[in-house]
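Heads up: the structure comes next, in structure tokens.
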Amino acid sequence: MAGGSAISGLVGARVHRKEDRTILTGTGRYIDDVQERGMLHCHFLRSTVAHGRITSIDVSAAREVEGVVRVFTGADMSAITEDLSFAQPIPGLNSPSYPAIARDVVRFVGEPVALVVAESRYIAEDAAALIEIEYDLLEPVMSTAAGLAEGATQLFDDVPGNVVHTDEQLFGDIEAAFAQADHVVTQSLDQHRWACNPMETRGGVATYETGSGQLTYEASTQTTHTLRFLLAGWIRHPIHQFRVTANNIGGGFGLKFSAYREDVAVCAAAKAIGGTVKWVEDRNEHLVAAGAAREEQLTLEAAVKADGTLLGLRVTMKLDAGAYPINPPATVYAGLVRTTLPGPYKLPAYQFRHHIVATNKASYISLRGPWAVETLVRERLMDKIAHTCGISPVEVRNRNLITLDDQPTKMITNVTLENVTAAETFQKLVEMVDLDAVRREQEAARAEGRLLGFGVGTFIEPAPGTQEFWAAVGFPFGSEPCRIRIEIDGKVTAFTPQTPHGQSHETTLSQLIADELGVGFDDIRIVYGDTDATPFSMLGTGGSRAATMASGAVVYGSRELRKRLLEIASHILEASVDDLDIADGVVSVKGAPGASVPIAQIAMGCWLAPEQMPPGTNTEMEFVANYDGEGGGFSQASHACWIEVDQQTGKIEIKRFLVVEDCGKMINPAVVEGQVIGGIAMGVGGMLLEHSAYADDGQYLAATFMDYLMPSAPELPEIEIEHLEFESDKVVGSRGVGEGGTVLAPAALLNAIDDALAQVGRERVTETPVTPTRMLELLGVIEKE
Amino acid sequence: MKPPVFDYVSPATLEEAIQALSAPDDGDVKVLAGGQSLVPLLNLRLSQPGLIVDINGLDELTGITEEAGYLTVGALVRQREAELSDVVRTACPLLHEAIPLIGHTAIRNRGTVGGSIAHADPAAELPTVAACLDAELVARGPGGERTIPAADFFTGFFTTALAEDEILTAVRVRSVGPATGAAYEEVARRHGDFAMAGVAAQVRLDGDTVAEARIAISGVDLAPVRATKAEAALAGRTVDDSILDEAADAAVADLSPSSDLHGSAAYRKHVAGVLIRKAVAAAAARAREAR
Amino acid sequence: MKTREITVTVNGRKRTVTVEVRRTLADFLREDLGLTATHLGCEHGVCGACTVVVDGHTERSCTQLAVQADGREITTVEGLAGPDGELHPVQQALRDNHSFQCGFCTPGFVMSIYGMCEEKKAGRSVPCSRAAIREELSGNICRCTGYQSIVDGAEAALAGAGSDTGKDA
Ligand SMILES: Cc1cc2nc3c(=O)[nH]c(=O)nc-3n(C[C@H](O)[C@H](O)[C@H](O)COP(=O)(O)OP(=O)(O)OC[C@H]3O[C@@H](n4cnc5c(N)ncnc54)[C@H](O)[C@@H]3O)c2cc1C
Ligand code: FES
Ligand code: FES
């Protein structure tokens, strides 16, 4: 099959989104919009202590409250559910299982300790306030260092030394690399916890039909199929009697990839009560209990030649996993960081060691580019190498980057790179920035007492990655199905396992189908979310897979159906298939528009009277395509960030932000840009504002949006984007861009901050977030506490 | 995050409202004005009053007037109304400068001038303005009306001199004369956030020298702090860099703010000095223009 | 008194309903009237997802009680599009600019921008520079977009408002 789309038209255009009419008129169905007859409401009472043994729980007063239907303690819930277990046959992984509602021990502030089901959320909260719990306090473990310390309190019996997993992997001859080094450049970073915080929190509505025994769970999730099979086991429900659906989803960012203990409790409660129960997490619960990400400490040691060429790299990572494992297992995060860290650079030798440590915090979860710290530390290391070797940040990258000419080649982590254009995006970026002018401007500003900073970064994004890549990480790559149906009236319905929550798949997949099949954009509907309707996939929407994988599935599916339509039409029109074309839902003979047959007519014949259709043709108007990704691939980008530091207040203003990105063929540039800009906003917020902070005693400090600071419009810059659309010879030349902004922006930003600090002779950032207080400390204006 | 059970009354007159506040009750009584602080606290169940007295129907508490050299702003005047008021802008430029720094438009459309002052958040703008200008806070209770000077009004962390059965009815400040300028400077983590520290300054000039300087600082103590030493340092002097430094140093020396997630004590202390310099310089520049 | 009868006009329709006095306006709109376009993103006044227009002003519906809306006129996103489903010019401008992604924050932004446009039409000075629009929208949080596309849409909507071609709700 030839590369590119069969017909070019909508693909590549800034097509209006299908989703917009719904969301702009407020007619979507987000989880809290679901109202069913007799629906009951859930409220979880949550632990107020970080670590403790429950010595007593008294729910009798709560049960007496008028309007309360049921109160579940941990024991009540455990009687009807299995403990959640995410254990996998991964050597050395200590993955403790745990109950939906804490039974004996609580291990973080916010852990569910009781569930109240009542006629309204108001009443459920009234009742929860009457529950009395006593705890025997245990020492909380609030950092990886504390968790690994000799004699540290153990969170779990089956996690010895609080070590969830530890491993060391060696690639190439690391000793030789360091033996040859002219310089050894070291760097460390202690990244803080920050969180996904989709504007719609978690939640679900479970309905149990007592007659048929069917259970339906409508959830705010990124993966309905995975949620279904995980929950079915834990709530002891036959999976054929269990349907999971999702409609509008108000953002996920990785958080909604896992199944959670609250999902288990809500489904079990619906079964136990026999009806519909709803749980919508409020923002306070969300901030405290939904989990957060990015808490990693890394140290890097690079062996480099005098000219800045990388010889070898030693990396140690400690990952603060929080208390309870979720999906995917923490080894996947470590595997992602390890595998991706060499990035688009030539690296002859590499050693990576990690410790994943259990602490008394909410779970460590996926957040948009869960591996992001690899880019952050690597790109900052490149700048430090440049500084050490006396060359520019541009030069150090140019000397080490893998260019198209070098490919195919293998990363030291055994991943083949092919069609990777990180170097080309960087080249383009450098052409667009006059680095000398930047330096002159900085100097002039300094003369006026102002402090400017400039930083760059480049990276590759496994979107979707390759088979080899995911094998190295230790996670399935998986093919992607899509079922496409030409309806009896010639319109098209496509069923995807994607569960889009902002990624515009209804639009982009329709664009592809419209072009491939020659049907109108408005004549296509994309069905997602419902496990009764959509084909199975473990992965749903995550990992920026859809641009390649879901696109490939609809392209192959459309092409198969197109072939069937053309064959039938060739009989009807008495013309060769090669002479036929489809446009606007009509098959016609090229150059003879009078000779035509509408798809509707063919479809009606196929559905109603297939035996009367031309003999030997395939009259099945529905087809399930499975796309293997054609080996997959990477997208790539380079960022440049200009900042000004207010040396009196420590506030950092981003003056300009430039992106050169290459995600291959753009299906809809407006969608690509939205993902890139939204991703950068999240990365900037994470570095400067957001902090899922804990006090030493394990209390959570950012439990409202007054304290967890989401970036708002004035905090963010206007972002300039340049696209390079490198087209491979694959059928689907589109790569994902969902996560890259969040991955790379922190690196460019921190490099800019380090650049500013260096100009006034100060040390680099080693801890995030870079708050105004931290900035003044780094500048030496105030003392660190 | 749903409000707890409470009783609710919405009196039509101030008399009735005071009566409702004084009536014996089995729990806390809370006045509800704009609700922009109180309702979030109810939703979080951090406030669990037995009775809510909604004063939004009290016309006596509305209106902005300037009379006999005094600007009076009714407690129930929405922050947004005061922000857009020409009377406020000319009679009390400091208030005009400060209000837009409160939250966001939709918050100010509902939040009231009196509510912010009665709430007495140490980081809030309006209590700081009140402290800076020695505002007179007019309150009515069962015993009638009394006027509380700002210096006596803010008694501590989110606490005021108002009795439980008293309602703040109006805020009164002296209208500015000629050669007077004002500025409000603050540093917040984000646009619209409560400030980590803020400074209200009003300067009256006599020729080139400072006839009167008024300075108050937010976010550095349990209540707004009047920077009297800085004010004294400025009096009778010409505003230049060295005198600004002197004033700022004098003010900051006495501060011992506390740390939180958003800013350390050292940060707040440092920034208070920075903001004093900025705010006083801006106020003096404006005063010069207004000569 | 734990409940009270109130009369409110929502999107032009007058309703008389008995509500619990502790019920927030947002829950009243969403659950009692079934107007679920108004979203709850934080329930403490910060995120702006619940923004509605009350008596001509943008206000949070999570930080007021339903009983306080007695006698008032409320417009929600459901009240903007024409009866034939034709998008309001503000909605159209946002659609043309690909302003949103997941759509959860969207009703709040639509109402905030609608509020700005109405002020402009009423002859009030409304800041129209991109920086000023960003400040004006600082009370609405969006996690998906990074705001740039929303500012694009708001800029277009404001340019259209006041030219008197804008259709009123
Ligand atoms: C997102 C957000 C951001 C904000 N940012 C800021 C900011 O930057 N700066 C700032 O200053 N504020 C900010 N606020 C708070 C806002 O200004 C409030 O309007 C103000 O604090 C309280 O005024 P209110 O009229 O809403 O009072 P309410 O919330 O109704 O009441 C507050 C308290 O004062 C009492 N009270 C109110 N009126 C009276 C009265 N007349 N007599 C006696 N007692 C009374 C009430 O009983 C209650 O205890 C913000 C609020 C939000 C939600
Ligand atoms: S829900 Fe009302 S402001 Fe967030
Ligand atoms: S579009 Fe998702 S929160 Fe704004």
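The values are calculated or read from the model by the stated rules, or taken from the named source; none is laboratory data. As the structure is a computational prediction, the values presented were derived from the model and not from experiment. Positions of Cβ are generated from backbone atoms using ideal geometry, with glycine treated the same way; all protein chains shown enter the neighbour counts. Areas reflect the complete protein model, heavy atoms only, side chains present, ligands, DNA and RNA absent. Shrake-Rupley method; radii C 1.70, N 1.55, O 1.52, S 1.80 Å.
Here are a few things to note about the model shown:
- Flag if C:GLY108 is more than 7 Å from chain A (Cβ to nearest Cβ), within 16 Å of ligand 1 (Cβ to nearest atom), out of contact with any helix residue (DSSP H, G or I) (no Cβ under 8 Å at 6 or more places or on another chain) and within 25 Å of B:SER37 (Cβ to Cβ): yes
- Any hit, the range C:35-55, residues being more than 14 Å from ligand 2 (Cβ to nearest atom) and within 12 Å of chain A (Cβ to nearest Cβ): yes
- Flag for A:ILE23 being more than 16 Å from ligand 3 (Cβ to nearest atom) and either part of a strand (DSSP E or B) or within 14 Å of another protein chain (Cβ to nearest Cβ) (or both): no
- Exclusive hit being touching a residue at least 60 places away in the same chain (Cβ under 8 Å), within 16 Å of ligand 3 (Cβ to nearest atom) and under 13 Å from the mean Cα position of the chain (by Cα), set C:HIS88, C:HIS39: C:HIS39
- Residue match in the range C:19-32 (condition: buried (at least 24 other Cβ atoms within 10 Å of the Cβ), within 11 Å of chain A (Cβ to nearest Cβ), more than 16 Å from ligand 3 (Cβ to nearest atom) and among the β-branched types (Val, Ile, Thr)): yes
- Matching entry among A:GLY740, A:GLY686 (being in contact with a Pro (Cβ under 8 Å, 6 or more places away or on another chain), open to solvent by less than 10 Å² (accessible area, probe 1.4 Å) and either under 26 Å from A:SER188 (Cα atoms) or at the interface with another protein chain (Cβ under 8 Å from one of its Cβ atoms) (or both)): A:GLY686
- Members of the range A:393-417 that are surrounded by 15 or more Cβ atoms within 10 Å (Cβ to Cβ), of a type in the set (D, E, K, R) and under 30 Å from the mean Cα position of the chain (by Cα): A:ARG397
- Leading residue by the ranking (most open to solvent (accessible area, probe 1.4 Å)) among those in the range A:749-766 that are over 25 Å from A:GLY679 (Cα atoms) and in a loop (DSSP other than H, G, I, E, B): A:GLU763
- Taken over the range C:92-151, residues that are within 16 Å of ligand 2 (Cβ to nearest atom), among the charged types (D, E, K, R) and part of a helix (DSSP H, G or I) amount to 1.
- Answer residue from the range A:644-665, given it is of a type in the set (S, T, N, Q) and open to solvent by 50 Å² or more (accessible area, probe 1.4 Å) and is farthest from A:VAL732 (Cα to Cα) among those: A:GLN648
- Taken together, A:TYR345, A:TYR333, A:TYR324 contain a single residue that is touching a Phe, Trp or Tyr at 6+ places or on another chain (Cβ under 6 Å), among the aromatic types (Phe, Trp, Tyr) and either without any contact (Cβ under 8 Å) to a residue 24 or more places away in the chain or not assigned by TED's automatic domain parsing to the domain that holds A:ALA681 (or both), which is A:TYR324.
- Failed item in (1) away from every other protein chain (no Cβ under 11 Å); (2) surrounded by fewer than 22 Cβ atoms within 10 Å (Cβ to Cβ); (3) under 23 Å from B:THR159 (Cβ atoms), with B:ALA12 passing the rest: (3)
- Top-ranked residue of the range A:150-194 - restricted to ones that are among the polar types (S, T, N, Q) and over 24 Å from A:THR375 (Cα atoms), ranked as most open to solvent (accessible area, probe 1.4 Å): A:GLN180
- Every residue from the range A:126-149 that is open to solvent by 60 Å² or more (accessible area, probe 1.4 Å) and not aliphatic (A, V, I, L, M): A:GLU132, A:GLU134, A:ASP136, A:GLU139
- Residues satisfying the stated conditions in the range A:434-476, i.e. among the hydrophobic types (A, V, I, L, M, F, W, C) and surrounded by 18 or more Cβ atoms within 10 Å (Cβ to Cβ): A:LEU451, A:LEU452, A:PHE454, A:VAL456, A:PHE459, A:ILE460, A:ALA463, A:PHE469, A:TRP470, A:ALA472, A:VAL473, A:PHE475
- Among the residues making up the range B:116-144, those that are open to solvent by 30 Å² or more (accessible area, probe 1.4 Å) and within 13 Å of ligand 1 (Cβ to nearest atom) are B:ALA118, B:HIS119, B:ARG140.
- Only residues that are outside any strand (DSSP E or B) and within 16 Å of ligand 1 (Cβ to nearest atom) were counted in the range C:10-38, giving 4.
- Here is the figure for the range A:519-532: residues that are part of a loop (DSSP other than H, G, I, E, B) and in contact with a Lys or Arg (Cβ under 9 Å, 6 or more places away or on another chain) total 5.
- Condition check for A:LEU84: closer than 30 Å to A:ALA472 by Cα, open to solvent by less than 10 Å² (accessible area, probe 1.4 Å) and of a type outside the set (S, T, N, Q): yes
- Residue count for the range A:38-92, restricted to those that are within 34 Å of the chain's Cα centre (by Cα) and of a type in the set (Val, Ile, Thr): 6.
- Sub-7 Å Cβ pairs linking a first residue in the range B:40-51 that is within 20 Å of B:ASP165 (Cα to Cα) to a second residue that is among the basic types (Lys, Arg) and open to solvent by 10 Å² or more (accessible area, probe 1.4 Å), at least 6 apart or interchain, are B:SER47/B:LYS30; B:PRO49/B:LYS30, ordered by first then second residue.
- The range A:660-683: number of residues that are of a type outside the set (A, V, I, L, M, F, W, C) and more than 12 Å from chain C (Cβ to nearest Cβ): 4
- Taking every residue in the range C:127-145 that is more than 7 Å from every other protein chain (Cβ to nearest Cβ) and pairing it with any residue that is within 16 Å of ligand 2 (Cβ to nearest atom) and of a type in the set (Ser, Thr, Tyr), at least 6 positions away or on another chain, the pairs with Cβ-Cβ distances below 8 Å are C:ASN140/A:SER712; C:ASN140/C:THR51; C:ASN140/C:SER112.
- From the list A:ALA306, A:ALA293, the lone residue that is open to solvent by 20 Å² or more (accessible area, probe 1.4 Å), small (Gly, Ala, Ser) and away from ligand 3 (no atom under 16 Å from the Cβ) is A:ALA306.
- All positions within the range C:56-78 that are more than 12 Å from ligand 2 (Cβ to nearest atom), of a type in the set (Ser, Thr, Tyr) and either assigned to a helix (DSSP H, G or I) or open to solvent by less than 10 Å² (accessible area, probe 1.4 Å) (or both): C:THR76
- Looking only at the range A:711-732, and only at residues there that are more than 16 Å from A:PRO746 (Cα to Cα) and part of a helix (DSSP H, G or I), the one that is most open to solvent (accessible area, probe 1.4 Å): A:PRO714
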